[in-house]
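Visitor: After the structure tokens below, expect a handful of questions from me.
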Amino acid sequence: MTISPETAAVGDALPTLTFGPVSRTKLALYAGASGDHNPIHIDLDFVKRAGLDDVFAHGMLSMAQLGRVATDWAGSDRLRGLSTRFTAITPVNATVTCEGRVTERFEQDGTPMLRVALTAKVDNGTQTLRGEALISAA
């Protein structure tokens, strides 16, 4: 059964979004597109000198995908807020699964709204992001 913002109830799951694997090439392309050329994401020599084993994904790359869970389902015109917290790094070559679940239905200034809990996890189950979307249900 397909749910919509108008019919969603607390506990309903949004369609899952999966992306990856996050390759070095994708990280380099994202750095160019975003303007975020932090060497921690693209320069293996820099990362090794910093005491890490490998580069890792830009947090904003994963955050954008997490936001897509909400906007692909409800449409960008219904998104009223998006907040996230990074909880772990997304390693190179990881596949990321982004999920959302309705946690609250309420009214704000007379408009029906949904609060959606968002999570992103990599292949081994590590949660790398958690967040919340506020979506208009009208």
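Visitor: Leaving ligands, DNA and RNA out of it, report the carbon-plus-sulfur percent of the accessible area of the chain at a 1.4 Å probe.
Guide: The computed percentage sits at 51.
Visitor: Efficiency by 1/(1 + (r/R0)^6): what FRET value for residue 107 and residue 130, r their Cβ-Cβ distance, R0 = 25 Å, to the nearest 0.05?
Guide: The formula returns an efficiency of 0.50 here.
Visitor: I need the phi-derived Karplus couplings for the stretch 103-109: 6.51 cos²θ - 1.76 cosθ + 1.60, θ = phi - 60°, integer Hz, Gly and Pro marked x.
Guide: Ordered by residue, 3J(HN,Hα) equals 10, 7, 10, 8, 10, 10, 6 Hz.
Visitor: If I take the Cα coordinates of the chain and project them onto the principal axes, what are the three extents in Å, biggest first?
Guide: Cα extents, longest axis first: 54, 29, 21 Å.
Visitor: Could I ask something else about it? Using the alpha-carbon atoms, what tilt in degrees (0 to 90, nearest 10) does helix 24-34 show relative to the longest principal axis of the chain?
Guide: Once rounded, one gets 60 degrees.
Visitor: Take the chain, connect every pair of alpha-carbon atoms lying under 10 Å apart with a spring to form a Gaussian network, then pick out the residue of 106, 56, 86 with the largest mean-square fluctuation.
Guide: Taking springs between Cα atoms under 10 Å, the residue moving most is 106.
Visitor: Restricting to Cα pairs below 8 Å that are 6+ residues apart, what does the relative contact order work out to for the chain? Please round to a whole percent.
Guide: Computed over the chain, the figure is 30 percent.
Visitor: Give the residues of the stretch 57-74 whose amide nitrogen is closer than 17 Å to a point set 7 Å from the Cα of residue 38 in the direction of its Cβ.
Guide: Hits in the stretch 57-74 for residue 38 at 17 Å: 57-66.
Visitor: Right, next: With a 1.4 Å probe and every protein chain left in place, work out the accessible area per residue of the chain in Å², rounded to a whole number.
Guide: Solvent-accessible surface per residue comes out at 54 Å².
Visitor: Using only Cα atoms and rounding to the nearest 10 degrees, what angle (0 to 90) does helix 59-74 make with the longest principal axis of the chain?
Guide: Once rounded, the angle reads 20 degrees.
Visitor: Under a point-charge model restricted to the Cβ atoms of Lys and Arg (+1) and Asp and Glu (-1), what is the dipole moment magnitude of the chain relative to its Cα centre, in debye to the nearest 20?
Guide: Computed about the Cα centre, the dipole is about 180 debye.
The values are calculated or read from the model by the stated rules, or taken from the named source; none is laboratory data. All values derive from a computational prediction rather than experimental measurement. When we count neighbours, we look across all protein chains shown, and the Cβ atoms used for this are built from the backbone with ideal geometry, even at glycine. Remember, those area values only see protein heavy atoms, side chains included, never the ligands or the DNA or RNA. Shrake-Rupley method; radii C 1.70, N 1.55, O 1.52, S 1.80 Å.
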